[in-house]
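I have placed the structure first, in the form of structure tokens, so that the comments after it can refer back to it.
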Amino acid sequence: DGGITQSPKYLFRKEGQNVTLSCEQNLNHDAMYWYRQDPGQGLRLIYYSQIVNDFQKGDIAEGYSVSREKKESFPLTVTSAQKNPTAFYLCASSAADWTYEQYFGPGTRLTVT
Amino acid sequence: RKEVEQDPGPFNVPEGATVAFNCTYSNSASQSFFWYRQDCRKEPKLLMSVYSSGNEDGRFTAQLNRASQYISLLIRDSKLSDSATYLCVVMVSSGTYKYIFGTGTRLKVLA
């Protein structure tokens, strides 16, 4: 089955620790995205990548870093510099064709205390 | 003004009712439009893309009005399982492309 996987589903960390969230897709999509969702707010774009070895900052990139070494994988690191890291993190991908539909992974719920 | 605006609801409707949501967008470079469904604490799932000519998928109908810059979603014969938050998403293309999400409209279908 084609799809997007994110792991882990729940993650708990102490303040001051970096943490890496995994995102893998087997849809052969060129573009991948990371979003953050907070209660009562829309999805906000953290980083996106339209091609391997290239990525761009989204609207709220501060305190986050990414890499795109393989087409299938787009891990997100939440660093200790991120002031409010507790949130629901969603990874998505899309084909670079005219449909531009995005498909989401199941998300990782990060809690930092 | 937000780039994509939706009435947060909740819309409480009885089973079998017809319900409609609107979503307005402000960027005239908006190129593609989508409705997603999001259940509580789950990921958004694509419900349907919205085409200029309008499109229908079973009980769901989506319309686009470029002149007034809004899209709509109509759900007929509501089921309990339709209870969810419906997200309006606009793809803006100007050099690169970017998806802008509304905050969602919450629907509760009541037995």
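The values are calculated or read from the model by the stated rules, or taken from the named source; none is laboratory data. Being a predicted model, the structure only gives us computed values, none of them experimental. Cβ coordinates were reconstructed from backbone atoms using ideal geometry, including for glycine residues, and neighbour counts include every protein chain displayed. The protein model used for the area step is the full one, side chains on, heavy atoms only, and it has no ligands, DNA or RNA in it. Shrake-Rupley method; radii C 1.70, N 1.55, O 1.52, S 1.80 Å.
Among residues belonging to segment A:1-26 that are among the hydrophobic types (A, V, I, L, M, F, W, C) and surrounded by 15 or more Cβ atoms within 10 Å (Cβ to Cβ), point out the one that is farthest from the chain's Cα centre (by Cα). Filtering segment A:1-26 for residues that are among the hydrophobic types (A, V, I, L, M, F, W, C) and surrounded by 15 or more Cβ atoms within 10 Å (Cβ to Cβ), the one farthest from the chain's Cα centre (by Cα) comes out as A:Leu11. Of all residues being over 19 Å from A:Asp38 (Cβ atoms) and of a type in the set (S, T, N, Q) in segment A:81-101, which is modelled with the lowest pLDDT? Just the residue, please. Result: A:Thr99.
Give A:Tyr48, A:Tyr64, A:Tyr33 a once-over and let me know the one that is without any contact (Cβ under 8 Å) to a residue 60 or more places away in the chain, under 15 Å from A:Phe104 (Cβ atoms) and in contact with a strand residue (DSSP E or B) (Cβ under 8 Å, 6 or more places away or on another chain). Going through A:Tyr48, A:Tyr64, A:Tyr33 in turn, just one is without any contact (Cβ under 8 Å) to a residue 60 or more places away in the chain, under 15 Å from A:Phe104 (Cβ atoms) and in contact with a strand residue (DSSP E or B) (Cβ under 8 Å, 6 or more places away or on another chain): A:Tyr48. For segment A:56-113, taking the residues that are part of a strand (DSSP E or B), of a type in the set (Gly, Ala, Ser) and away from every other protein chain (no Cβ under 14 Å), the one that is most open to solvent (accessible area, probe 1.4 Å) is identified as A:Ser65.
Being more than 14 Å from chain A (Cβ to nearest Cβ) and crowded, with 20+ Cβ neighbours inside 10 Å is the requirement here; does B:Leu73 meet it?
Values: more than 14 Å from chain A (Cβ to nearest Cβ): yes; crowded, with 20+ Cβ neighbours inside 10 Å: yes.
Judged against the criteria, B:Leu73 is a match.
For residues that are touching an Asp or Glu at 6+ places or on another chain (Cβ under 8 Å) and open to solvent by less than 20 Å² (accessible area, probe 1.4 Å), tally how many sit in segment A:36-45. Result for segment A:36-45: 1. Among the residues of segment B:15-30, the ones that are open to solvent by 80 Å² or more (accessible area, probe 1.4 Å) and assigned to a strand (DSSP E or B) come to 1 in all. What pairs come up if the first residue lies in segment B:36-53 and is at negative phi, the second is open to solvent by 100 Å² or more (accessible area, probe 1.4 Å) and at pLDDT 95 or above, and their beta carbons are under 6 Å apart, counting only those six or more places apart or on different chains? Pairs found: B:Arg37/B:Lys45.
Cβ separations smaller than 8 Å between residues 6+ apart or across chains give the following pairs from segment A:7-22 residues that are in a loop (DSSP other than H, G, I, E, B) to residues that are open to solvent by less than 90 Å² (accessible area, probe 1.4 Å) and charged (D, E, K, R): A:Lys9/A:Arg109.
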